Amino acid sequence: MEPNDQRPVDQEPGDQEPGDQGRDDRERDDREGDDRRSADQGPGARGAADDGTDGTDGEALDAYSRVVTTVAEHLLPRVAAVRIRDTRGRESEGSAVVLTAEGHLLTNAHVVGRAPAGEALFADGSTSPVEVVGRDRLADLALLRAERELLAPPTYRDVDDLRIGSLVVAVGNPLGLTGSVTAGVVSGLGRSLPVQTRSGMRLIEDVIQTDASLNPGNSGGALADSAGRVIGINTAVAGLGVGLAVPVNATTRRIIAALMHDGRVRRAYLGLVTSPAVLPPRWAERTGRRTALRVMEVVPGSPSASSGILPYDLVLAVQGRQLGDAQSLQRLLFEDAIGRRLEITVLRNGALVDTVVVPAELAD
């Protein structure tokens, strides 16, 4: 035996000292404990570890799915597919949302165009003729009335407290499909966007922008919050690559009331394309407001084109009333503003500039 070999003479190489046996027992107990814990956690826990996710991610996905499916189940029966035919026999298609149980539905003005009537197809397979009660092109809203009673309407929620990043669900009912549902988040608020139509330039004011994609035929469908409340009417505008919706707010409700009562909305038209912008700190302190309206474009040939208002001006006030968003400007542009001289104060290169615009009536 070599001097450094300390194994007793009667111990074979495979035998263990008592200390070694204790360590092996503890390691075996640890392995058995791990196996019991894995069994208790179930295959889902092992799968989460295997695919690189944890339980929290799975729970969040489940909650997201539950919200979307719940909203879809509530709204799909209340969103109809509509086919509109004009006097020349040309057809257009879109969606419409139940507004009243007495037969009123809300859709886009660009879906109905100048047509007087059409047909609605509902989720249960039933159909009904619809007449076009009225339309407002500036808001891109139109009111239809079906020749039958409808389901109780969804709740319409004003969007005054809507925030960027809020979850939204877009629900439509394109003809030939059993319903279309997409989800996303609010990515922009208070936008004013120009849209080229067959009859010329149209401005969609104060829209909600979302990354929830809008499929063909979704125009006129519902944009809903996570509680299934309608916060906007989808308007699919080709070429922009984003989902847009006309918001539900005090101005929209005034428009809908006018369409129900008179079949039209007399609107004043300025021809300004605007977007909310943050005021410089000095002016924010002076005015007591954080935002104003940035002029992104002055529409050629519009009343504002000869007013002296320029792109990148910040609109601070109209007739001395401070503005902070597109809706505050829209409230001033109903029937009583047509042909009336309006003083508009803008901020340009750090100086206040007063301009005068005489709004025209928006042609239908």
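Placing pseudo-labels 7 Å out from each Cα toward the beta carbon at residue 226 and residue 334 gives an inter-label distance of 3.5 nm. Annotation: extensible slack from residue 87 through residue 64 equals 3.8 nm (criterion: 0.36 nm per residue apart, minus Cα-Cα distance).
Put simply, the Cα atoms of the stretch 245-364 extend 46, 29, 25 Å along their principal axes, the longest span coming first.
Put simply, when 311-317, 169-175, 292-298 are sorted by average Cβ atoms within 10 angstrom per residue, most first, you get 169-175, 292-298, 311-317. Sorting the segments 213-222, 276-285, 77-86 by their residues' average number of neighbouring beta-carbon atoms within 10 angstrom, most packed first, yields 213-222, 77-86, 276-285. Over the stretch 220-288, what portion of Cα pair distances is larger than 20 Å, expressed as a whole percent? It works out to 56 percent of all Cα pairs.
The portion of the accessible surface of the stretch 209-292 made up by carbon and sulfur, rounded to a whole percent, is 51 (1.4 Å probe; DNA, RNA and ligands excluded).
With the simple model of a label 7 Å out from the Cα in the direction of the Cβ, residue 358 to residue 291 spans 3.3 nm.
The values are calculated or read from the model by the stated rules, or taken from the named source; none is laboratory data. For clarity, every value in this text was computed on a predicted model and none was experimentally measured. All Cβ positions, even for glycine, are placed from backbone atoms using ideal geometry, and neighbour counts span all protein chains on display. Heavy atoms of the whole protein, side chains included, go into the accessibility calculation; ligands, DNA and RNA do not. Shrake-Rupley method; radii C 1.70, N 1.55, O 1.52, S 1.80 Å.
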